[in-house]
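Peer 1: Pasting a structure here, questions to come.
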Amino acid sequence: MSGKILENGEENVSDSSQNKRMKQMPIDRLTALPDGILIHILSFLGLKESAVTSVLSKRWEFIWTELPRLEFYEESKESDKIRQFAAMINRTLLIRRGAHLEKFYVHFIYDESFASDVDYWLDFVLKNKVKEVCLHLMSRTEENLYRLPETMYSNPSLIWFSVHVCNMDTLAKIDWRSLTRLDINDATLPQHVIENILSGCPVLHALSLEECQGFNCLDIKSQNMYELKVYDLEDRENGSLLEISAPHVHTLDILFNPAVVKLVLRKTDSLDSVEINYFESELISEEKVINITEKLFEILRDVKELKLGRHYFKVLSEMVINGWQLPVSRRKCLTVFTNSEDEYNISGIFALLKFSPNLERLAIEGFEPEGELWDDYAMADLDCDLVNLKTVRISEFADPVFGGEPMLTVARNLLKRATALEEMTTRLGAQELDDHINITEALLSYPRSSAKAVVRLR
């Protein structure tokens, strides 16, 4: 036995044993872990950060190439940087190892010179049977959009497909038999393509169409379709029709311009949650806009959860001021998006409350105030009790220039009239400390008709 000799002549046996054990131990515990665990750890990092680990040792050199998700993102508009970005993706795909690739995501500013690169990436996606594909090509012009290759329309492995700024005008038969979620943004979608998509996606659960062109009818017959989002910002001809038939859809989110589009909703009996908004706000005096607003509100009167976008709610509020009486509703949840300075917003909110006797949850989502108010809030009063309202959330709806209005008027009336209220949460936003204190003191001073009511400030 050998070891370090101490001053007293004794041998340090513990040091000798420790050195021997250190030689027998691996370099570190992390490196000794199985490949599967190391890959799982790296998956929480970005691709660039994971690739850096290749310099640690021979053991780490190719671990990152087996990541189950490849995500590439470049925001630069400089041609040289975009070329380097595309070349980096090509190199990564060439050296990638591993049998399982779950997700492929790419986002960059596209022009037609990169068409062959994108073709290569999608060919890689098809060969590797990738389940989640996000192709976000921010094109510089509308004339040279990337055309999705015909082979991509027959992809039974896809589960989620998100495609932005592409030309999808095709006669190809669509076979996305496993697809459950489809997001299309700023794409050409003629009517026959929409129909092929709906027939070629038998298990589609959620469909989102934003700024898509070419179609005027969505006839959704599948019983699997649960969520539908349509943001129609197309520059349609005045009087154009957009018809949606959705007998099995439960959640609908829709945005359109009522000045140029006539929206018709059919077979909406399954709807549970709806968010509706207008693309334009300076339309409240147009008769056709008022007619569409009234018809849609009537159709959606008994949806359990209703969310009213700022521009739609602005039109609705003026209609109330001009004498329109809202229909009584069985809704239980209501969210209103509005600016604090929007004219008549208090009148609109109180009318909605009055004709929603079953309401249990209320949210008012405001925006940063600009210091210009229209209503005389001191005179506003809610003339009915809210016997089922239990929770209230009010955000960004207090203007310190006007002493915390219009939030304080709303809160005062709700605390007075909501006899079963359990919690009111308010978020004032960016306020000076003195303003915050004054608004808080006023809010906490209001009497409460519910003994269980708790007021929380954030």
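Where a number appears in this text, it was derived from the coordinates with a stated rule and is not lab data. Please read these numbers as outputs of a predicted model, since none were measured by experiment. With ideal geometry, Cβ positions are generated from the backbone for all residues, glycine too; neighbour counts draw on all protein chains shown.
Peer 1: Taking K and R as +1 and D and E as -1, what net charge do the other residues with C-beta under 10 Å from the C-beta of L271 add up to?
Peer 2: Working: positive: K267, K304; negative: D269, D272, D302, E305.
Every neighbour counted, the sum reads -2.
Peer 1: Principal axes first, then extents: for the Cα atoms of the range 394-458, list largest minus smallest coordinate on each axis, whole Å, largest first.
Peer 2: 32, 18, 17
Peer 1: Quick check: convex hull of the Cα atoms in the range 168-264, volume per residue, rounded to a whole Å³?
Peer 2: Numbers: hull volume 7.8 nm³, N = 97.
Normalising the Cα hull of the range 168-264 by residue number yields 81 Å³.
Peer 1: Here's another thing I want to ask about it. What net charge do the residues around P156 carry, taking every other residue with its C-beta under 10 Å from that of P156, with Lys and Arg at +1 and Asp and Glu at -1? Write down the numbers at each step before the final one.
Peer 2: Working: positive: K129, R177; negative: D175.
Its environment carries a net charge of +1.
Peer 1: Further, regarding this structure: Projected onto the charge dipole of the range 171-221 (+1 at Lys/Arg Cβ, -1 at Asp/Glu Cβ, origin at the Cα centre), which of I220, S178, H192 gives the Cα projection farthest towards the positive end?
Peer 2: S178
Peer 1: How charged is the neighbourhood of Y446? Take every other residue with its Cβ under 12 Å from the Cβ of Y446, and add Lys/Arg as +1 and Asp/Glu as -1. Kindly include the intermediate steps, with their values, before the conclusion.
Peer 2: Values: positive: R412, K416, R417, R448; negative: E441.
So the environment of Y446 carries a net charge of +3.
Peer 1: Here is a follow-up. Based on the mean of other Cβ atoms within 10 Å per residue, sort peptides 104-113, 320-329 so the most packed one is first.
Peer 2: Numbers: 104-113: 18.4, 320-329: 13.4.
Top to bottom by mean Cβ count within 10 Å: 104-113, 320-329.
Peer 1: What does the highest-first list of 442-451, 114-123 look like by mean Cβ count within 10 Å? Walk me through the intermediate numbers first.
Peer 2: Values: 442-451: 13.8, 114-123: 16.9.
Most protected by this proxy first, the peptides run 114-123, 442-451.
Peer 1: Once both labels are modelled 7 Å past Cα along the beta-carbon direction, what's the K452-E423 spacing in nm?
Peer 2: Label-label distance for K452 and E423, simple model: 1.3 nm.
Peer 1: Cα-Cα over 28 Å: which of K77/K307; K314/K354; K131/K332; K131/K173? Walk me through the numbers on the way to the answer.
Peer 2: Working: K77/K307 37 Å; K314/K354 18 Å; K131/K332 38 Å; K131/K173 20 Å.
From K77/K307; K314/K354; K131/K332; K131/K173, over 28 Å: K77/K307; K131/K332.
Peer 1: While we're here: Dividing the convex hull volume of the alpha carbon atoms of the range 204-323 by its residue count, what do you get in Å³ per residue?
Peer 2: Details: hull volume 11.3 nm³, N = 120.
Convex hull of Cα atoms, per residue: 94 Å³.
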